[in-house]
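Working notes for the structure below.
The values are calculated or read from the model by the stated rules, or taken from the named source; none is laboratory data. Just so you know, these numbers come straight off a predicted model, no measurement behind them. Cβ atoms come from the backbone with ideal geometry, glycine included; neighbour counts cover every protein chain shown.
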Amino acid sequence: MNNFIKTAIACLALSSFTAYGQGAKKGEVITQLTNPKGWIIQTKSSAYQLNVSSVNSIRPVFYGSREQAEQAARTNSQWFEGIEEVPVRGSFPFKTPALEVIFNDNVRDADLVYVKGEVITVEGRSTLKITQKDKFYPLEVTSYIRVLPEYDILEKWMVVKNTGTKGDIKIENAQSGSIVLPADEYMLTHLAGKQMNEFQQQQTLLTPGLKVIQNKAFKANFNPPWFMVRPQNAAKETGPAWFGSLHYSGNWQLAFDKSIEGNVQILGGINFWDSSWLLTPGASFETPKLSVGYTNDGPDGAAQSLTAYARETVLPEKHRKQMRPVLYNSWEATFYAVNEEQQLELAKRAKDIGIELFVIDDGWFKGRTSATTGLGDWEVDKTKFPNGLGSMIKKINDMGMDFGIWVEPESLVPASEVYKAHPDWVFDMPPNRTLPITRRYLNLAKEEVYQHLLAVLSKLLAENNIKFIKWDQNSYLSETGWKNAPVEIQREVRIRFMKNVYRLVEELRKRFPDVLFESCASGGGRVDLGMLSRMDQAWVSDNTSPLDRIYMQYGYTWALPANTMVSWVTGNGNHQPTSLDYKFDVSMAGVLAVGDDLRKWTPEDMAVAAKKIAEYKVIRPLIQQGKVYHLVSPFEENRSALQYQDATTKSVVMCYNMAEYLPGSQYGSRSANTLKLKGLKADESYSVQNIEDRDKPGATYKGDYLMNVGIAWPVKGANKGQILLVNPQGK
Ligand code: DGJ
């Protein structure tokens, strides 16, 4: 179904909404109000109301459930007062500003008044465009709210413009958007991580004051900029949830400012720490998008809305519906010591177990013998591949697999030829400071660096039949000197760098539309909706221990769709005491891949792999396109379960024990030994069977029973998994 038809269906569904308050019309996504002047934005479950105040400022007055919005309209109550839609530095400081500017005469206060509000269409979606301007200075602020009603999502962003003819305006902070929650006690859930331990779920009570989660090291920080906020007394699995995610891969921030009255203001955008942006006359600055949402359906409702939105509208359109291939990556098998013969031997074995895409990682390019050599010289190493890459790729294609390759375009090492030829292309180290000796960052803010990377990467892709790029980025931005740039724009360097990373990927995609891209940064260091609107999938972690992956995957799937979550089976014989079967069971919950030295695998290992990969291909559409339910949390118990479901309620359930899960009431409550499913039809009969027994008839249960009573927890013993198929049978 194309997006236009989908939008039309969503609008039809909306026509059953009750109209309420001050003339909001049935079926309208954005309704203009006249008394007082304002707008109501309606999605499937939420309503967002903005008014133009008597002093011509834009005030959000409500954001929550449609039912409560109706009630608020009936009683004429406002949920919050005094906070503007675009809070600025200036006037009373009882809020966190979304915009901080300095005018040419050093005045640091902005004072915005409403100019106009229009409902426009942006990429097929109703969008509220509100223009405000400063009362005195030539500053125009346009804020956008693009509505995706069927996902309960609003996309917010802002364009800040210097409309004058002389005099610059300096932006010291421009956030993408802000929302305000009604007074209550709230729990914040977010993710935090580090290399080898990404996407860890965190929960905290928001108390009065400012809580900021942010990144200054120039990657997504091993977790995406994502949040979910719920009333502290909400039921665990249902009820209100506000959630959101920022589309940005450089330094980002999410701020939660709770007043003593209990309202919570949530802001998200670029982290302007050590950054600024100069607006010369006529120039404008556009922020990245912040997607926010509200649902009545609890944490899984929030996860399902956000991940469906990302999967169906954010991921690069060309490959959105395509099943992600089962890939093999040879990094852990051969590290830097690669050659054609050995890669072909691995490819042959990969083909035997059902792999669809063969990927060569780091080590294939000129002079790359260790972490300190070669990086930056993106030409094949003729000592390792005397025939170039072409002959190897052809043989791999002839085996029936596509070929993919690793690059790390943004970095180089001082020992590279490119560095020797262009030492001025890297960031400048401030004088009197010590240079790092390994990786250096190319200063992509420079146009010639951008053009160089575009040329070498285009050449690589044009000359070779490459169908997949793993795009890595392996260091933190430690120095950001840009000494030849005018002083007033030197602190723009981080933002300009990121703009050109995005521009580079976009241009390569345009030139090579069939190539799949994977985002990697020392594991899952750069995974967010900004990157995933340009890259199709992401490498989650260099830690492939299934026990650790269970936690990461549970965290990841709150915020991001499973068809982007790449998980290799590797370290066969390591990660004791886990088995190869268990590793596969865990990796099968996302985009299954293999990354081990297949030359060392026994015939029994190969048989396990072939069987598991065949099973994965059966459940792949459900995993990669289905909606997710988080059934049992590894953060709460020593077991875990995720359920993926399609529109017919057909499901697959991934169940894992992380330790011995003791049955019986002596050691745990009986209820803890059951598995309850979600989202089924109560009256429908379902067959439930282990995936290995999929050709035999399964046990039959009513949906009601499976959801409310549950079946016995199917996994026996420590570090074991079970994959259950749940198929509707008709009533
Ligand atoms: C870090 C990545 O996370 C690994 O998977 C691998 O690609 C190495 N870089 C290669 O240098």
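List of remarks:
- For the range 300-318, the criterion of being over 16 Å from GLY595 (Cα atoms), touching a Gly at 6+ places or on another chain (Cβ under 9 Å) and of a type in the set (A, V, I, L, M) is met by at least one residue.
- Matching residues, the range 380-414, being within 16 Å of the ligand (Cβ to nearest atom) and of a type in the set (Val, Ile, Thr): ILE405, VAL407, VAL413
- Filter pass, THR295 being more than 30 Å from GLU100 (Cβ to Cβ) and within 16 Å of the ligand (Cβ to nearest atom): no
- Residue check, ASP105 over 26 Å from ARG66 (Cα atoms) and out of contact with any Asp or Glu (no Cβ under 9 Å at 6 or more places or on another chain): yes
- Members of the range 701-722 that are in a helix (DSSP H, G or I) and in contact with a strand residue (DSSP E or B) (Cβ under 7 Å, 6 or more places away or on another chain): GLY703, LEU706
Rundown of residues vs (1) over 28 Å from VAL591 (Cα atoms); (2) modelled with pLDDT of 95 or more, yes/no style:
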| site | (1), (2) |
| --- | --- |
| SER651 | no, yes |
| ARG670 | yes, no |
| SER685 | yes, yes |
| ALA699 | yes, yes |
| LYS716 | no, no |
| ILE723 | no, yes |
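- From ALA255, ALA308, residue being of a type in the set (A, V, I, L, M, F, W, C), away from the ligand (no atom under 16 Å from the Cβ), touching a residue at least 40 places away in the same chain (Cβ under 8 Å) and within 18 Å of GLY177 (Cα to Cα): ALA255
- Residue that is farther than 30 Å from THR238 by Cα and of a type in the set (S, T, N, Q), where the choices are THR564, THR557, THR570: THR570
- Filtered residue count, the range 316-345, keeping only those that are over 23 Å from THR570 (Cβ atoms) and assigned to a strand (DSSP E or B): 0
- Listed by position, the strands (runs of 3 or more DSSP E) contained in the range 60-171 that have at least 3 residues being among the β-branched types (Val, Ile, Thr) are 112-122, 125-134, 139-148, 153-162.
- Options ALA308, ALA303: the member that is crowded, with 22+ Cβ neighbours inside 10 Å, among the hydrophobic types (A, V, I, L, M, F, W, C) and in a helix (DSSP H, G or I): ALA303
- All told, ASN397 meets the bar of being more than 30 Å from the chain's Cα centre (by Cα) and not in a loop (DSSP other than H, G, I, E, B).
- Residue in the range 345-394 that is farthest from GLU332 (Cα to Cα), counting only those that are over 34 Å from the mean Cα position of the chain (by Cα) and among the acidic types (Asp, Glu): ASP381
- Exactly one residue out of PHE517, PHE512 is aromatic (Phe, Trp, Tyr), more than 16 Å from the ligand (Cβ to nearest atom) and within 26 Å of GLY388 (Cα to Cα), and it is PHE512.
- Qualifying residue in the range 432-439 (condition: away from the ligand (no atom under 16 Å from the Cβ), on the phi > 0 side of the Ramachandran plot and at pLDDT below 95): yes
- The criterion of being acidic (Asp, Glu) and assigned to a strand (DSSP E or B) does not hold for GLU488.
- Residue within the range 514-531 that is under 14 Å from GLY404 (Cβ atoms), surrounded by fewer than 22 Cβ atoms within 10 Å (Cβ to Cβ), over 11 Å from the mean Cα position of the chain (by Cα) and among the aromatic types (Phe, Trp, Tyr) present: no
- Candidate set from the range 216-241 (those that are touching a residue at least 60 places away in the same chain (Cβ under 8 Å) and not in a loop (DSSP other than H, G, I, E, B)); member that is nearest to GLU479 (Cα to Cα): TRP226
- Just one of (1) within 16 Å of the ligand (Cβ to nearest atom); (2) closer than 30 Å to GLU172 by Cβ; (3) surrounded by fewer than 22 Cβ atoms within 10 Å (Cβ to Cβ) fails for SER545. It is (2).
- One residue stands out among those in the range 464-481 that are surrounded by fewer than 20 Cβ atoms within 10 Å (Cβ to Cβ) and modelled with pLDDT under 95: the one that is nearest to the ligand (Cβ to nearest atom), which is ASN474.
- For THR578, the criteria (1) modelled with pLDDT under 95; (2) within 16 Å of the ligand (Cβ to nearest atom); (3) not aromatic (Phe, Trp, Tyr) hold in every case but one, which is (2).
- Test set (1) within 26 Å of the chain's Cα centre (by Cα); (2) touching a residue at least 24 places away in the same chain (Cβ under 8 Å); (3) more than 27 Å from PHE103 (Cβ to Cβ) - THR204 fails condition number: (2)
- In the range 341-379, the residue that is farthest from GLU410 (Cα to Cα) out of those that are more than 16 Å from the ligand (Cβ to nearest atom) and of a type in the set (Gly, Ala, Ser) is GLY354.
- Among the candidates GLY573, GLY530, GLY555, GLY525, residue that is away from the ligand (no atom under 16 Å from the Cβ) and assigned by TED's automatic domain parsing to the domain that holds PHE468: GLY530
- Counting residues in the range 318-328 that are within 16 Å of the ligand (Cβ to nearest atom) and crowded, with 19+ Cβ neighbours inside 10 Å gives one or more.
- Selection from the range 402-415 of residues that are surrounded by fewer than 21 Cβ atoms within 10 Å (Cβ to Cβ) and more than 27 Å from the chain's Cα centre (by Cα): PRO414, ALA415
- Inter-residue pairs, beta-carbon under 9 Å, first farther than 26 Å from SER545 by Cβ and among the β-branched types (Val, Ile, Thr) and in the range 511-526, second modelled with pLDDT of 95 or more and more than 10 Å from the ligand (Cβ to nearest atom), 6+ apart: VAL515/GLY404; VAL515/LEU461; VAL515/ILE466; VAL515/LYS467; VAL515/PHE468; VAL515/ILE469; VAL515/LEU508; VAL515/ARG509
- Exactly one residue out of ARG433, ARG439 is charged (D, E, K, R), surrounded by fewer than 17 Cβ atoms within 10 Å (Cβ to Cβ) and more than 27 Å from ALA593 (Cα to Cα): that is ARG433.
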